[in-house]
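**Q** If you scroll down you'll find the structure; I have some questions about it.
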């Protein structure tokens, strides 16, 4: 029995990349480190579209031995559209910047600056990682991605694996403002 050719019309077709913006999270105990991170990213990715306040980063002691205490985290997104396929390159660049700053700065901590890139779409916030896990998908070049937050019913929602600080309402307020910028931008400018 031959198969009806119309059955093949139900196969999915590739769709265009959704509108996205590059998101950088940087944290340190040093204001000059956060300024340096912002300046380096602007040199590479262009003007900042939206900068967050500096948030106390005290939900975990995981980084205390390598970064010290009294950490603050900032976020920034950029004016330029972002192709999510470029996330591995951005993560590797950010890792290089962390090493560069550690060598340039005169701080006692081995890792005085942490730079975590990701991207934001209307429906989700994705972060890059060098560590695989059951909830992370391998992208390329030793880099993985996870959906850290998703947007549903008018609000950001975490997964069971979402880092504790990403549960904060203050973060969600910032991400919502970024989402609004993305939503208001004409789609032809986000390609």
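Taken together, the values in this text are just the output of simple stated rules run on the coordinates, not laboratory data. Quantities reported herein were computed from a predicted structural model and do not represent experimental measurements. Don't worry about glycine lacking a Cβ; one is built from the backbone with ideal geometry, like all the others, and counts go over all protein chains shown.
**Q** If R₀ is 25 angstrom, what is the calculated FRET efficiency for the pair residue 111 and residue 54, using the beta carbon separation as r and rounding to 0.05?
**A** According to the calculation, E is roughly 0.85.
**Q** Taking the alpha-carbon centroid of each part, what is the distance from the range 38-89 to the range 133-173 in angstrom?
**A** Taking the Cα centre of each part, the range 38-89 and the range 133-173 sit 15 Å apart.
**Q** Please give the length that would be gained between residue 100 and residue 65 if that part of the chain were fully extended, namely 0.36 nm times their separation in residues minus their C-alpha to C-alpha distance (nm, one decimal).
**A** 10.7 nm
**Q** Please sort 158-170, 111-123 by packing, taking for each peptide the average over its residues of neighbouring beta carbons within 10 angstrom, highest first.
**A** With the highest mean Cβ count within 10 Å placed first, the list reads 111-123, 158-170.
**Q** Let me ask you something else. Which residue, 83, 53, 106, tops the fluctuation ranking in a GNM of the chain built on C-alpha contacts under 10 Å?
**A** Of the options given, 106 has the highest mean-square fluctuation.
**Q** Spin-label point model (7 Å from Cα, Cβ direction): what's the residue 31 to residue 181 distance in nm?
**A** Modelled inter-label distance: 2.2 nm.
**Q** Same structure, new question: Could you work out the helix-only [θ] at 222 nm for the chain, with each DSSP H run of four or more residues adding -39,500 (n - 2.57) and the total divided by the number of residues, to the nearest 500 deg cm²/dmol?
**A** Computed mean residue ellipticity for the chain: -9000 deg cm²/dmol.
**Q** According to a simple spin-label model (label point 7 Å from Cα along Cα-to-Cβ), what is the distance in nm between residue 130 and residue 160?
**A** That separation, rounded to one decimal, is 2.9 nm.
**Q** In degrees from 0 to 90, rounded to the nearest 10, what is the angle of the helix 169-184 Cα long axis to the longest principal axis of the chain?
**A** So the helix axis and the longest Cα principal axis differ by about 50 degrees.
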